[in-house]
Amino acid sequence: MKTEVKTALIFVAVIAVAIGTISTIFSSFDNINTADTQEKIDKTSFKKAPDLVGIAHYLNTTPEELISVMENKVILYDIWTYSCINCVRTLPYITAWDDKYSDQGLLVIGIHSPEFEFEKNPKNVQMAIAKHGINYPVVLDNDMETWKAFDNRYWPRKYIADHEGYIRFDHIGEGAYKETEEVIQLLLAERSETTGKTLEKKNFVKLSEFEHAPIRTPELYFGFSFAEGRNQLGNEEGFSKNKVVTYQLPEQFREHYFYVEGMWKNNNDGMMLVSDSGKIVLNFKAKQVNIVASNEAVLKITYDGNLMSSEIRGDDVLPDGTVNISEPRLYNLIESAQEGLHEIVIKIENPGFEVFTFTFG
């Protein structure tokens, strides 16, 4: 999320690296069924996966159990955080791969590296694990030490290490699902050469991949620290670090900016409503709109001045246009088949409500 926003140049470079890695793996497996397959693979150019360090909590496993099951496994390391929509969209594929290949030597490890403070709470992460049907081990990297050990900067990011611990695949963000599964199959085939076991041929996972709007509003941050270098708070009052600011709405609103009304506490990672009521106005261009929020509240939303129709209501919006904020997480507000320029107005009458970011698709 915060650091996933990158230039097209970086994206192209990442794709090039991924393609190069896949090409190397394919060339290495030209003679996959021969007895001397491993001798033909030159691993001097690959790095070893780092140790999992600084782990605050272990979910779906224990430290001792995890160390034991990691031995001689092909390991998919998924660096994620549960309120990140890009991470959430990848989870159906990852859980499907875990289900398909765990008995053939694949181990998925979710490295939960939090973006926001509330994501450090193991109870919150446990709820997300249950919601998304995650059965594989998840470790809470609350101090980002494992994140740093991987030299990572993005959510989500997938690394795949072979059974000897060498990182053989690296992908940033959503997508490349078929390419990722091809690598899983190839590395499992390589592992099978050491065990003498025959692998069962499996078809690729086929799921409906989310199609982003080609031009959309970038992620918008409510925290003064997170917004540095990408400040899109439209109010002339601006951010005021760790202070309560009374905001007033202007007469006109700019596209891709958000505006607030009422008294809001400016926090490092979000804004907290202090007054009895408040408002958020957003002019956006996208097919999908999500909000990350916490603390109990009822949001009343209008879309282009009207109640949202059933065709565009997000999963968390009730027919009367309200959203019940009950736990700290991502809430889906808009889910439209067509992109376009629109305005939503969110009214809040619950002091203590906290908002962190808008994300779009």
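Among the residues of this structure, D276 does not count as one that is more than 26 Å from F224 (Cα to Cα) and either modelled with pLDDT under 95 or not in a strand (DSSP E or B) (or both).
The residue list E335, E343 contains one member that is under 22 Å from G278 (Cβ atoms) and among the acidic types (D, E), which is E343. Just one residue in the set G340, G352, G321, G278 is closer than 23 Å to M127 by Cβ and of a type outside the set (D, E); that residue is G352.
For segment 217-229, give me the residue count where each residue is charged (D, E, K, R) and modelled with pLDDT under 95. Of the residues in segment 217-229, 1 are charged (D, E, K, R) and modelled with pLDDT under 95.
For Y331, the criteria (1) free of Cβ contacts under 8 Å to residues at least 60 places away in the same chain; (2) closer than 28 Å to V245 by Cα; (3) touching a Lys or Arg at 6+ places or on another chain (Cβ under 7 Å) hold in every case but one, which is (3). Of note, K40 does not satisfy the criterion of being modelled with pLDDT of 95 or more and surrounded by fewer than 16 Cβ atoms within 10 Å (Cβ to Cβ). Any residue in segment 310-330 that is part of a strand (DSSP E or B), among the hydrophobic types (A, V, I, L, M, F, W, C), more than 24 Å from N231 (Cα to Cα) and touching a Leu at 6+ places or on another chain (Cβ under 8 Å)? Yes, some residue in segment 310-330 is part of a strand (DSSP E or B), among the hydrophobic types (A, V, I, L, M, F, W, C), more than 24 Å from N231 (Cα to Cα) and touching a Leu at 6+ places or on another chain (Cβ under 8 Å).
Considered as a group, the residues in segment 96-113 that are surrounded by fewer than 17 Cβ atoms within 10 Å (Cβ to Cβ) and not small (G, A, S) include one that is modelled with the highest pLDDT, and that residue is D99.
Just name the residue that is surrounded by the most Cβ atoms within 10 Å (Cβ to Cβ) out of those in segment 217-233 that are in a loop (DSSP other than H, G, I, E, B) and touching a His at 6+ places or on another chain (Cβ under 9 Å). Looking at the filtered set, the residue picked out is T217. Pairs meeting the criteria (first residue in segment 85-104 and of a type in the set (F, W, Y), second residue modelled with pLDDT of 95 or more and in a helix (DSSP H, G or I), beta carbons under 7 Å, at least 6 apart or on different chains) are Y93/Y177; W97/E181; W97/I184; Y101/I184; Y101/L188. Any residue at all in segment 50-61 that is modelled with pLDDT of 90 or more, touching a Gly at 6+ places or on another chain (Cβ under 9 Å), surrounded by 15 or more Cβ atoms within 10 Å (Cβ to Cβ) and assigned by TED's automatic domain parsing to the domain that holds L186? Yes: segment 50-61 contains one or more residues that are modelled with pLDDT of 90 or more, touching a Gly at 6+ places or on another chain (Cβ under 9 Å), surrounded by 15 or more Cβ atoms within 10 Å (Cβ to Cβ) and assigned by TED's automatic domain parsing to the domain that holds L186. Would you check if there is a residue in segment 243-251 being out of contact with any Leu (no Cβ under 6 Å at 6 or more places or on another chain), basic (K, R) and assigned to a loop (DSSP other than H, G, I, E, B)? Yes, there is a match, as at least one residue in segment 243-251 is out of contact with any Leu (no Cβ under 6 Å at 6 or more places or on another chain), basic (K, R) and assigned to a loop (DSSP other than H, G, I, E, B). Filter segment 289-309 down to the residues that are of a type outside the set (D, E) and either assigned to a loop (DSSP other than H, G, I, E, B) or farther than 20 Å from M271 by Cβ (or both) and list them by number. The answer is N295, T302, Y303, G305, N306, L307, M308, S309.
Here's the yes/no breakdown for (1) hydrophobic (A, V, I, L, M, F, W, C); (2) surrounded by 15 or more Cβ atoms within 10 Å (Cβ to Cβ); (3) within 21 Å of E219 (Cα to Cα):
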| position | (1), (2), (3) |
| --- | --- |
| K241 | no, no, yes |
| P250 | no, no, no |
| H256 | no, yes, yes |
| Y259 | no, yes, yes |
| M263 | yes, yes, no |
| N266 | no, yes, yes |
| L273 | yes, yes, yes |
| G278 | no, yes, no |
| F284 | yes, yes, yes |
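With respect to the conditions (1) among the hydroxyl-bearing types (S, T, Y); (2) loosely packed, with under 14 Cβ neighbours inside 10 Å; (3) farther than 26 Å from Y101 by Cα, S208 falls short on a single one, namely (3).
The values are calculated or read from the model by the stated rules, or taken from the named source; none is laboratory data. Just so you know, these numbers come straight off a predicted model, no measurement behind them. All Cβ positions, even for glycine, are placed from backbone atoms using ideal geometry, and neighbour counts span all protein chains on display.
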